[in-house]
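The values are calculated or read from the model by the stated rules, or taken from the named source; none is laboratory data. Source: prediction; values computed, not measured. Note that we place each Cβ from the backbone using ideal geometry, even for glycine, and neighbour counts take in every protein chain shown. The accessibility values were calculated without ligands, DNA or RNA, using every heavy atom of the protein model including side chains. Shrake-Rupley method; radii C 1.70, N 1.55, O 1.52, S 1.80 Å.
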Amino acid sequence: MPVIQTRSLTKVYRTRVKKEGLGASFRALFHAEWKAIQAVTDISLQVEAGEIVAFIGPNGAGKSTFIKMLCGILHPTGGELSVLGFSPVKERRNLALRIGTVFGQKSQLWLHLPALDSFTLLAAIYEISDSERRRRVAELSELFELKDFLQTPVRKLSLGQRIRCEVAASLLHNPELLFLDEPTIGLDVVVKQAIRELILRRNKEWGTTVFLTSHDPSDIEQLCRRAVVIDRGVIVLDTQVDKLKSDYLGEKRVEVRFTSPQPFLHIPGAEVTVEGGGLKAVLTVNTSSCPIGDIMGRLSAMGNVSDITINNPPMEEIIAGIFKREAAS
């Protein structure tokens with residue numbers, strides 16, 4: 001049985017229409033008008049055990065609404081869904097004992113308490129015995145390197161430390177399925193990589209299924225084998241990440257800073273924009289036709305380079321490219 005299975009899943013919100021003017025606003029108190037907003041439309045999706053799936057799309061695409069329906073937080077307007085064999089609508093409590101969630105913008109930890117106290121409270125909620133709680137906290141503390149700040153109030157932790165505690169908390173009850181909604185948002189490069197490695201290790205050693213949303217293309221490239229793209233509540237693409245990388249993630253942005261002005265710069269295989277009076281240049285590189293290593297070699301050979309930064313284009317641009325290609329096909 002698939003871990004996640006939905007058929008024609010739909011969610012429609014009703015929102016009140018705001019009236020302009022005092023008289024209209026007064027009448028609306030007794031004769032309110034409502035309009036329907038289609039957040040998710042006819043989504044059919046299947047996720048197998050052990051998969052790490054990227055669920056991506058622009059802001060407002062319906063990603064969080066879809067995840068909240070899978071967790072049982074929201075009830076669908078139509079369609080069918082099953083998560084780990086449970087109905088999230090009818091069996092939310094039983095399902096909650098088998099899944100873990102991390103929402104990058106919302107904390108499940110008590111901000112004024114140390115993370116260790118939050119782990120104790122969560123263990124009681126999940127009906128984990130004291131001896132088992134101590135064993136699991138010790139394992140997670142070692143895995144996530146939490147020992148130095150377990151006794152520190154969460155509000156005093158850095159963002160990276162807090163996210164590590166959030167992920168550890170979501171794994172305290174050994175869930176079979178982990179929902180990660182923007183888990184690396186706002187983190188620096190080093191901490192992002194550490195979080196990715198921990199997720200991969202958990203998936204490999206425990207077979208945990210991971211359902212991930214992210215605006216960082218590197219999360220998708222390094223973690224996932226499959227990507228599902230959603231826009232306006234509709235799936236527009238469901239493909240392997242290898243194909244996504246070759247078709248849509250092949251472009252890199254290289255920012256270069258020079259020790260002396262370089263007003264004219266020509267690098268074969270790259271589109272070059274010179275900024276800051278020649279002290280900075282931005283190169284757009286299609287890595288499918290020109291390996292990034294070749295670009296780095298040419299830049300290093302110039303001798304007056306002080307700094308090089310390689311980035312992916314924004315996820316919004318990548319998704320826009322997907323829409324254009326899918327519409328043309």
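Could you list, in sequence order, the residues of segment 122-161 that are of a type outside the set (D, E, K, R) and exposed (fewer than 13 other Cβ atoms within 10 Å of the Cβ)? First the steps, then the outcome.
Keep residues of segment 122-161 that are of a type outside the set (D, E, K, R), which gives 122-126, 128-129, 131, 137-138, 140-141, 143-144, 146, 149-154, 157-161.
Those that are of a type outside the set (D, E, K, R) and exposed (fewer than 13 other Cβ atoms within 10 Å of the Cβ): Ala124, Ile125, Ser129, Ser131, Ala138, Gln151, Ser158.
Here is a list: Lys204, Lys245, Lys252. Which entry is touching a helix residue (DSSP H, G or I) at 6+ places or on another chain (Cβ under 8 Å) and open to solvent by 50 Å² or more (accessible area, probe 1.4 Å)?
Criteria check complete, one pass: Lys245.
Hey, can you tell me all the residues within segment 277-301 that are out of contact with any strand residue (DSSP E or B) (no Cβ under 8 Å at 6 or more places or on another chain) and open to solvent by less than 60 Å² (accessible area, probe 1.4 Å)? Explain how you work it out, then say what you get.
Here is the first cut: in segment 277-301, the residues out of contact with any strand residue (DSSP E or B) (no Cβ under 8 Å at 6 or more places or on another chain) are 277, 288-289, 291, 293-294, 297-298, 300-301.
Result: Gly293, Gly297.
Go through segment 223-234 and give me each residue that's in a strand (DSSP E or B), open to solvent by 10 Å² or more (accessible area, probe 1.4 Å) and out of contact with any strand residue (DSSP E or B) (no Cβ under 6 Å at 6 or more places or on another chain). Quick ask: steps written out before the conclusion?
As a first pass, look at segment 223-234 and keep what is in a strand (DSSP E or B): 226-231, 234.
The next check asks that each one be open to solvent by 10 Å² or more (accessible area, probe 1.4 Å); those that pass are 226, 231, 234.
Answer for segment 223-234, where residues must be in a strand (DSSP E or B), open to solvent by 10 Å² or more (accessible area, probe 1.4 Å) and out of contact with any strand residue (DSSP E or B) (no Cβ under 6 Å at 6 or more places or on another chain): just Asp231.
Name the residues in segment 174-195 that are within 21 Å of Glu139 (Cβ to Cβ), open to solvent by less than 20 Å² (accessible area, probe 1.4 Å) and modelled with pLDDT under 90, would you?
Residues satisfying the conditions are Pro183, Ile195.
Pairs, please: C-beta under 9 Å, at least 6 apart or cross-chain, first residue in contact (Cβ under 8 Å) with a residue 12 or more places away in the chain and in segment 276-288, second assigned to a loop (DSSP other than H, G, I, E, B) and of a type in the set (A, V, I, L, M, F, W, C)?
Matching pairs, first to second residue: Gly278/Phe264; Gly278/Leu265; Ala281/Leu265; Ala281/Ile267; Leu283/Leu265; Leu283/Ile267; Val285/Ile267; Thr287/Leu249.
Kindly indicate whether Leu74 is among the hydrophobic types (A, V, I, L, M, F, W, C), open to solvent by 20 Å² or more (accessible area, probe 1.4 Å), at pLDDT below 95 and in a loop (DSSP other than H, G, I, E, B).
yes
Could you grab me the full set of residues in segment 242-272 that are in contact (Cβ under 8 Å) with a residue 40 or more places away in the chain and either of a type in the set (D, E, K, R) or farther than 15 Å from Ser288 by Cβ (or both)?
Matches in segment 242-272: Asp247, Glu251, Lys252, Arg253, Val254, Glu255, Val256, Arg257, Phe258, Thr259, Ser260, Gln262.
Does Ile220 satisfy the criteria of being outside any strand (DSSP E or B), assigned by TED's automatic domain parsing to the domain that holds Gln46 and among the β-branched types (Val, Ile, Thr)?
Numbers: outside any strand (DSSP E or B): yes; assigned by TED's automatic domain parsing to the domain that holds Gln46: yes; among the β-branched types (Val, Ile, Thr): yes.
The answer is yes for Ile220.
Could you please find all residues in segment 105-121 being open to solvent by 40 Å² or more (accessible area, probe 1.4 Å) and either in contact with a helix residue (DSSP H, G or I) (Cβ under 8 Å, 6 or more places away or on another chain) or under 29 Å from Asn59 (Cβ atoms) (or both)? Working first, answer last.
Going through segment 105-121, the residues open to solvent by 40 Å² or more (accessible area, probe 1.4 Å) turn out to be 105-108, 110-113, 116-117, 120-121.
Matches in segment 105-121: Gln105, Lys106, Ser107, Gln108, Trp110, Leu111, His112, Leu113, Leu116, Thr120.
Looking at this structure, is Lys63 charged (D, E, K, R), free of Cβ contacts under 8 Å to residues at least 60 places away in the same chain and out of contact with any Cys (no Cβ under 6 Å at 6 or more places or on another chain)?
no
When the residues of segment 49-59 are filtered to those that are touching a residue at least 60 places away in the same chain (Cβ under 8 Å) and in a loop (DSSP other than H, G, I, E, B), which remaining residue is farthest from Leu97 (Cα to Cα)? Talk me through it step by step, then tell me what you get.
Just the residues of segment 49-59 that are touching a residue at least 60 places away in the same chain (Cβ under 8 Å), to begin with: 49-58.
Okay, now just the ones that are also in a loop (DSSP other than H, G, I, E, B), so 49-51, 57-58.
Values: Ala49: 17, Gly50: 18, Glu51: 20, Gly57: 28, Pro58: 30 Å.
Only one residue tops the list, namely Pro58.
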